[in-house]
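**Student:** This structure is in structure tokens; I'll ask about it shortly.
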Amino acid sequence: MKKTFVNAEQLNEIVKEYPTPFHLYDEKGIRENARKLKEAFSWNKGFKEYFAVKATPNPAILKILKEEGCGVDCSSNTELQLSEMVGFQGDEIMFTSNVTPAEDFVLARSMNAVINLDDITHIDFLEKVVGIPETISCRFNPGGDFVINNSIMDTPSQAKYGFTREQLTEGFKILRNKGAKNFGIHAFLASNTSTNEYYPALAKILFQTAVELKEDTGAHITFINLSGGIGIPYRPEQQEADILLIGEGVRKAYEEILIPAGMGDVSIYTELGRFMLGPFGCLVSKVLHEKHTHKEYVGLDACAANLMRPAMYGAYHHIAVMGKEDQPSDHMYDVTGGLCENNDKFAVDRMLPEIEIGDLLVLHDTGAHGFSMGYNYNGKLRSAEILLQEDGSTKLIRRAETAADYFATLSPL
Ligand SMILES: *Cc1c(COP(=O)(O)O)cnc(C)c1O
């Protein structure tokens, strides 16, 4: 059974103040989870989580994470600016971009962010634009399939990111010659993983690679960045990641591979997005219409422009009909938004309690890659974002777009 972090009574009060649809975030859950992650890696002195800003690019959320000791992972100029606004600086910022415009490297350097290069050709590019910093990281792509226990997790050979293994050695040598002193290695090999073995398996690959790179190039490797990829239980039958077990798995690999190689000073970094915020946000929407044709439809005031994942990936988001939690799910519905796109369906053939017009529906687990993937198709406007604070009060952390916002970029006729 999946539970919403607000109950029907609380939500009925909240919608009196803020019109639906909106994304709602749970400050208490965010903080508790961030503390659990920190605890899981407390064995590593230099551990730091760099929250992937793209998952939830709201300064109020970033501020909470900053207070919990997190840094940020940015991939664009705007994300850097957003982080600067919150007060992140220097090695609190990881800049993991690809196809990077020169001006983004300029801004990242001016903020003293740690630059994580996506490609060997970016070494020359970076040098021309801003010079080579003392601390630098390279993103690794081992190619082939990424396999855990005989099952293919993902196919790095088809991913656009990162250096090949040979390029890493060559790149480290070039960077050393150009004055780099402290090195990092980064890899992101599978997304939304549901096994506790992902990080430990990735850590083994990166630790082994770090030992080889140290031997082959003499580079001083100061951190290893396990990046994102820990998944969340979107479906009710799925299990939550056991972050303490994951931390222990990485520790074991660290003790087996890095310590014997005299590399016990390496810091472990993570760049989690989904794990940090996914379960602690939801999309709150109201039923506008019911339609009885070849199927039973309920139409919401939210649409794929507010939550793209179901339309884009066929992703499952659990739906709660507020106030009807104890009623049997004995009605089958397609739950849709109003875009002129037939893939604008939050759920297809979903069993739910009987729905009436005006019911409040909560779409679970929209805290990461939810609002942030929004768009303006069909002239739909982006929703508000609201923070449910620890004391139970709410705070508007982004107002809803208005038509004036939509028209603001147009030139006058
Ligand atoms: C998207 C992304 C992340 C976060 O991924 P999650 O699946 O949300 O954990 C981390 N690092 C990089 C470079 C990314 O592109």
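The values are calculated or read from the model by the stated rules, or taken from the named source; none is laboratory data. Because the structure is predicted, anything quoted here is derived from the model rather than measured. Counting neighbours? That spans all protein chains shown, and the Cβs are built from the backbone with ideal geometry, glycine included.
**Student:** Restrict the check to segment 250-260 and report whether at least one residue is over 28 Å from Thr193 (Cα atoms) and in contact with a Pro (Cβ under 9 Å, 6 or more places away or on another chain).
**Tutor:** no
Okay, residues lined up against (1) surrounded by 14 or more Cβ atoms within 10 Å (Cβ to Cβ); (2) in contact (Cβ under 8 Å) with a residue 12 or more places away in the chain; (3) within 26 Å of the chain's Cα centre (by Cα); (4) under 29 Å from Leu272 (Cα atoms):
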site	(1), (2), (3), (4)
Asp326	no, no, no, no
Thr336	yes, yes, yes, no
Leu339	yes, yes, yes, no
Ala347	yes, yes, yes, yes
Leu361	yes, yes, yes, yes
His364	yes, yes, yes, yes
Gly367	yes, yes, yes, yes
Met373	yes, yes, yes, yes
Glu385	yes, yes, yes, yes
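**Student:** Tell me, please, whether a residue that is away from the ligand (no atom under 16 Å from the Cβ) and part of a strand (DSSP E or B) can be found in segment 309-320.
**Tutor:** Checking segment 309-320: at least one residue is away from the ligand (no atom under 16 Å from the Cβ) and part of a strand (DSSP E or B).
**Student:** Please enumerate the residues belonging to segment 194-203 that are within 15 Å of the ligand (Cβ to nearest atom) and either farther than 25 Å from Val250 by Cα or buried (at least 23 other Cβ atoms within 10 Å of the Cβ) (or both).
**Tutor:** Tyr198, Tyr199, Leu202
**Student:** Does Gly379 satisfy the condition of being farther than 19 Å from Arg235 by Cβ, buried (at least 19 other Cβ atoms within 10 Å of the Cβ) and either free of Cβ contacts under 8 Å to residues at least 60 places away in the same chain or of a type in the set (Lys, Arg) (or both)? Steps first, please.
**Tutor:** On the way: farther than 19 Å from Arg235 by Cβ: yes; buried (at least 19 other Cβ atoms within 10 Å of the Cβ): no; either free of Cβ contacts under 8 Å to residues at least 60 places away in the same chain or of a type in the set (Lys, Arg) (or both): yes.
Taking the combined requirement at face value, the residue does not satisfy it.
**Student:** Restricting the search to segment 269-285, which residues are in contact with a strand residue (DSSP E or B) (Cβ under 6 Å, 6 or more places away or on another chain) and outside any loop (DSSP other than H, G, I, E, B)?
**Tutor:** Within segment 269-285, Tyr269, Thr270, Phe275, Met276, Phe280, Gly281, Cys282, Leu283, Val284, Ser285 qualify.
**Student:** May I ask you to list the residues in segment 36-57 that are surrounded by 23 or more Cβ atoms within 10 Å (Cβ to Cβ) and within 12 Å of the ligand (Cβ to nearest atom)?
**Tutor:** Leu37, Glu49, Tyr50, Phe51, Ala52, Val53, Ala55, Thr56
**Student:** Sticking with this one: I'd like to know if segment 233-245 contains one or more residues that are without any contact (Cβ under 8 Å) to a residue 12 or more places away in the chain, part of a loop (DSSP other than H, G, I, E, B) and of a type in the set (Gly, Ala, Ser).
**Tutor:** For segment 233-245, residues without any contact (Cβ under 8 Å) to a residue 12 or more places away in the chain, part of a loop (DSSP other than H, G, I, E, B) and of a type in the set (Gly, Ala, Ser): absent.
**Student:** So for segment 168-177 (the condition being within 16 Å of the ligand (Cβ to nearest atom) and either over 23 Å from Asn98 (Cβ atoms) or basic (Lys, Arg) (or both)), does at least one residue qualify?
**Tutor:** No, segment 168-177 has no match at all.
**Student:** Now, a different point. Out of all the residues in segment 387-401, which are over 22 Å from the mean Cα position of the chain (by Cα) and more than 27 Å from Glu341 (Cα to Cα)?
**Tutor:** Once the filter is applied, which keeps residues that are over 22 Å from the mean Cα position of the chain (by Cα) and more than 27 Å from Glu341 (Cα to Cα), segment 387-401 yields Glu390, Asp391, Gly392, Ser393, Thr394, Lys395.
**Student:** While we're on this one: Has segment 248-267 got any residue that is crowded, with 20+ Cβ neighbours inside 10 Å, out of contact with any helix residue (DSSP H, G or I) (no Cβ under 7 Å at 6 or more places or on another chain) and at pLDDT 95 or above?
**Tutor:** No, segment 248-267 contains no residue that is crowded, with 20+ Cβ neighbours inside 10 Å, out of contact with any helix residue (DSSP H, G or I) (no Cβ under 7 Å at 6 or more places or on another chain) and at pLDDT 95 or above.
**Student:** Can I ask one more? Residues of segment 138-192 being under 30 Å from Tyr234 (Cα atoms) and among the acidic types (Asp, Glu), which ones?
**Tutor:** Selection gives Asp145, Asp154.
**Student:** Considering segment 330-377 alone, what residues qualify as being part of a strand (DSSP E or B), touching a helix residue (DSSP H, G or I) at 6+ places or on another chain (Cβ under 8 Å) and over 14 Å from Lys295 (Cα atoms)?
**Tutor:** Of everything in segment 330-377, those that are part of a strand (DSSP E or B), touching a helix residue (DSSP H, G or I) at 6+ places or on another chain (Cβ under 8 Å) and over 14 Å from Lys295 (Cα atoms) turn out to be Phe346, Leu360, Val362.
**Student:** What is the one condition in (1) buried (at least 20 other Cβ atoms within 10 Å of the Cβ); (2) in a loop (DSSP other than H, G, I, E, B); (3) among the charged types (D, E, K, R) that Glu390 does not satisfy?
**Tutor:** Every condition holds for Glu390 apart from (1).
**Student:** Which one of the conditions (1) touching a residue at least 40 places away in the same chain (Cβ under 8 Å); (2) in contact with an Asp or Glu (Cβ under 9 Å, 6 or more places away or on another chain) does Ala113 fail to meet, given that it meets all the rest?
**Tutor:** (1)
**Student:** Checking the condition modelled with pLDDT under 95 and surrounded by fewer than 16 Cβ atoms within 10 Å (Cβ to Cβ), which residue from Val99, Val147 passes?
**Tutor:** The conditions single out Val147.
**Student:** Ok, one more. I'd like to verify a number: residues in segment 58-87 that are within 16 Å of the ligand (Cβ to nearest atom), assigned to a loop (DSSP other than H, G, I, E, B) and either out of contact with any Asp or Glu (no Cβ under 8 Å at 6 or more places or on another chain) or closer than 19 Å to Glu103 by Cβ (or both), how many?
**Tutor:** 2
**Student:** Leu381 - would you say it is assigned to a strand (DSSP E or B) and not assigned by TED's automatic domain parsing to the domain that holds Cys74?
**Tutor:** So Leu381 does not fit the description; no.
**Student:** Filter segment 286-308 down to residues that are assigned to a strand (DSSP E or B) and of a type outside the set (D, E, K, R) and give me whichever is nearest to Asn116 (Cα to Cα).
**Tutor:** Checked segment 286-308; the qualifying residue nearest to Asn116 (Cα to Cα) is Leu300.
**Student:** Which of the residues belonging to segment 1-53 are among the basic types (Lys, Arg), touching a residue at least 12 places away in the same chain (Cβ under 8 Å) and in a loop (DSSP other than H, G, I, E, B)?
**Tutor:** Matches in segment 1-53: Lys2, Lys45.
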